[in-house]
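Just so it is clear, none of the values below were taken in a lab; they were calculated from the coordinates. Keep in mind the model is a prediction, meaning the values are calculated, not measured. Neighbour counts run over all protein chains shown; Cβ positions are idealised from the backbone, glycine included.
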Amino acid sequence: MPGEQSLRLRAPKNLVDRRAVTWWTVRALLDVVPVAVVLGVLAAVLEEPRPWLVAALVATLVVGIPYVLIMPRWRYRVHRWESTDEAVYARSGWLWQEWRVAPMSRIQTVDTVRGPLQQLFRLSTLTVTTASAKGAIKIDGLDHELAADLVARLTAIAQATPGDAT
Amino acid sequence: MTDAEDIAWQKLDKRTLGVTTAGMLGVCVAIGVPVTSGLINNDALPVPLVLLLVLAGVVVVVGAVVLYDYLRIRKTWFRVTDEKVELRTGILRRQHRAVHRERIRTVDVHAHPLYRVFGVAKVHIGTGEHAESEGSQLTLDAVSRSFADMLRDDLLTRPAPTVDSDEPVGEPPPVLAEFDLGWLRYVPVSIWPGVLGVAACGVAWQITDWFGLRDSVLGQAAELIRELSLWTVIPLAVVVVLVVGLVASLAFGVEAWWNFRLQRTGDTLQVRRGLLIHRSLSLAEDRLRGVELVEPYGARLLGGGRLEAVATGIRDNKPDQPGEDTKVLLPEAPREIAQRVAAEILREPESPTTADITGHPRAALRRRLVWAVAAVAVVEAVLVVIGLTVTSILLHVAWISALVLLPGALFVAIENYRNLGHGHTADYLLVRYGVLARRTAALRRSGIIGVTVRQSPFQRRLGLADLTATTGAGSGAFTAYDADAAEALGVAGRVVPELLDPFVVRD
C-alpha cells in the first residue's frame, strides 16, 4: 500500500522528571562501583591472580564508566509517556526500546511503587496493568506528586469507561 | 428467586473416600513391591521381618491418607445458589470462597478410571481470571457423576437473551467435529514416540535397579555389542525405542481422543473425549478471544494441524503426555477440517487462519542465521579450548558435533524464519511463529487489550520490530517477531485503529 513505509509510532508527549537522570545514575553507580571495588581490593591483596583481576577491573571500568555517564541521559531522551481519554501510551528503554499502548477500557489496576532511592529523589514508578499477564505499562521516574495525581485520574477514567477489562 | 440463605449446604460424595483408598493401595503396591524385593534381595533382614515392616508401613500410610481425606470430605461443604457457588474447605484453617455465577467461564468434569469405578467425578469451576492465580478456581473432589454433569449444564446455561431462535428445542446440539481413526496417522510423526520411547527406557532401567538386575542387563548389552558390533546395535536400539514409543503414543492418543466430540450448546463450546479417562471441557464462548492453528513439523508435512483455544480462564499447561493439553479443541486433523472447525468455532464464514500471511523481511533470516552460527560457535569454542588444554578427545567431539549441530542450527533458523508472518482480516489479527511447530494465532480485535512494539539497536538499523498484541487469554501475548516495523504497524493499525491511530504518524 502506498505510504506504508513511512508509518512509525510518534514519541509520547511528556518527558519524565529531570531528577530521574540522577536516580538512574545513582542506580548505575550502585551496580558498577561495588563490582569495581571488590575487584580492586582483591587485586591489591591477592598476588597470584592479580593480572586476571586487573584485566577484569579494567573491563568493568571500560563498560561501567560509559554506562554510568551515557545510560541515564539516553534513557531520559527515550522514557516518555502520555495519557489520553482513550489510552495510556509510554516509551521506555535505551538500547532496547519499547512502546506500549493500553486502552483505558482495559485497565484493571493503577498503582505506584517508590523504592528508598526513589523516595530520596521524590520519584515514583507508575504501573498500569490490564487483564493480560504481559501487558503492564510501567512509567519510571515520575515526580511523586504527579504520579499520585495520575493514579487518581487514570482510575477515574478507567472506571468511567465501559468494558469488563478482559 | 430463592432466598440464598435457604439453600442447604451440600457435601462431597462419600464414595470419594473409596477412590482415595483404592488409589493409595495402588501406590503402596507400586512402591511396596520393589522395596520388598529390594530388601529381600539385599539379605540384610529376615524375610518375615521385611514383610512385617512393609505391611506396617502400608497400614500407617494408607491409614493416615484416608483419615486425612475423610476429614477433608467431612469438612468440605458447598452450595449452588441462584447467584453464586460457595465452597467451604479446610480441616484446621477454614476457607470460604464464593464465585458469582456470571463470572464462571469453564466447568471441567474429569473422571479418571478409578473415579469412574466409584461413580464419581472431579469438577473444576474456572472464572477466567489470570490463569496463574490459584484463587480463581473452585474444585469439587469429588461429587457423583450425574451431579457433576447436572452442575456443568446448570452453571453454563445463561439466562435468556442468548437462547438461539434458530436452534429448535429438542434437537441435539450441533456437532462441530468428531474423532476419525485416520487422524491417528499424525501420531507417528509427532515428537511423542521419541519422548515416550526414551521415558520407557528410563522406567525399564529403574525397574532393573529395583530387582538388582542392572549388572546382568549391562553384561548382556556388552555381549550383544561384541557379537554384532556397535554400528548394528545402535540403530537396532533406536528402532526398538521408537517402536515402543510409537505403540505407547498410539495408545495414549487413542485413550485421550477416543469418542472425541466438539459441540456447541447454546453459547458454550463443549469438548468430550477419552477412552479410560473421560474428559469434558466446557468453554463459554464469550471467553473465546480467537484460535490458534498449530501445525507440528511432522503433521505439517502430512498436511495436518490441531486447533487450540485462545480463551481467558483456560489453564496454560505444558502436557507431559499426548492429549493432556486442555487448550486443544481439535486434535491433529487434516488442515481443511481444522480450518472448517476454526470457522465454526469463531462463527465466521471462513476461518481467519486461511487469510493471507505476510512473511517478514530477509533481514530477519540473516539475524537467525547469525544466531545459529554464533550458538554453534560458542559450543565448539568451549569444546576446543578444553580440548586443547585438558584432553584431546574433546577435539574429536568438537568436529563431530559441529557436523551435526551446524546443519541442525541452520535448519532451525531457516524453519523459524519461514514460519514468521503476520496478517489480518476485518476482525482478526494474525500472527505466525514457531520453530518446528508452526503456530498461526488468530486474535479477535475485541480481544486485543494492548499493543507493544519492541526494538533492539540492530532491529532499529534494519527497520524491524517485534510487535506484540496483548490479550487476557492464554499466555497473554502474541508476538510477530522481526516484522517490517512500518508494515506491521500498518496491519495492527487496521485491526485496532482506535488504539493505535492517535500515536502513529506518517513521515
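At a glance:
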item: Max mean-square fluctuation residue, GNM over chain A, Cα-Cα springs under 10 Å, options A:56, A:44, A:152; result: A:44
item: Test item: B:488-499 mean partner chain Cβ contacts at 10 Å; result: 3
item: Within-14-Å neighbourhood charge of residue B:19 [Cβ basis; K, R +1; D, E -1]; result: +3
item: Inter-probe distance in nm under a simple model that places probes 7 Å from Cα toward Cβ, at residue A:119 and residue B:475; result: 3.9
item: Dipole in debye (nearest 20) - region A:14-76, about Cα centre, beta carbon charges: Lys, Arg +1; Asp, Glu -1; result: 400
item: Peptides ranked, highest mean first, by Cβ atoms within 10 Å: ranges B:109-115, B:287-293; result: B:287-293, B:109-115
item: Electrostatic dipole magnitude of the protein assembly as shown [Cβ: Lys, Arg +1; Asp, Glu -1; Cα centre; debye, to 20]; result: 1300
item: Net charge over other residues, Cβ less than 13 angstrom from the Cβ of residue B:433 (K, R count +1; D, E count -1); result: 0
item: For B:442-451, mean number of other protein chain Cβ atoms within 10 Å; result: 5
item: Longest to shortest principal axis, alpha-carbon extents of the protein assembly as shown, angstrom; result: 80, 78, 54
item: By average C-beta atoms within 10 angstrom, highest first, the peptides B:24-36, B:180-192; result: B:180-192, B:24-36
item: Kyte-Doolittle mean at least -0.5 and Cα axial length at least 27 Å: DSSP H helices in chain A; result: A:19-45, A:50-78
item: HN-Hα J in Hz across region B:11-20 - Karplus 6.51, -1.76, 1.60, θ = phi - 60°, x for Gly and Pro; result: 10, 5, 6, 5, 5, 4, 4, x, 4, 4
item: Violating pairs (Cα-Cα greater than 29 angstrom) within the set B:14/B:327; A:134/B:75; B:122/B:327; result: B:14/B:327; A:134/B:75
item: Farthest positive-ward along chain B dipole, Cα basis, beta-carbon charges - from B:242, B:450, B:217; result: B:217
item: For chain B, calculated [θ]222 nm from helices alone, where every DSSP H run of n ≥ 4 adds -39500 (n - 2.57); result: -15000 deg cm²/dmol
item: Net lengthening on full extension, residue B:94/residue B:400 (0.36 nm per residue, minus Cα-Cα); result: 104.0 nm
item: Region B:1-146 shape via C-alpha gyration tensor axes, a/c threshold 1.5; result: prolate
item: Cα shape, chain B, gyration tensor, a/c 1.5 rule; result: oblate
item: In order through region B:95-109: 3J(HN,Hα) via Karplus (6.51 cos²θ - 1.76 cosθ + 1.60), integer Hz, x for Gly, Pro; result: 10, 10, 10, 9, 10, 6, 3, 5, 8, 6, 10, 10, 10, 10, 9
item: Net charge, residue B:295 excluded, C-beta distance under 9 Å - Lys, Arg +1, Asp, Glu -1; result: +4
item: About the Cα centre, charge dipole magnitude for chain B (Lys/Arg +1, Asp/Glu -1 at Cβ), debye; result: 740
item: Average beta-carbon neighbours from other chains, 10 Å sphere, peptide B:474-485; result: 2
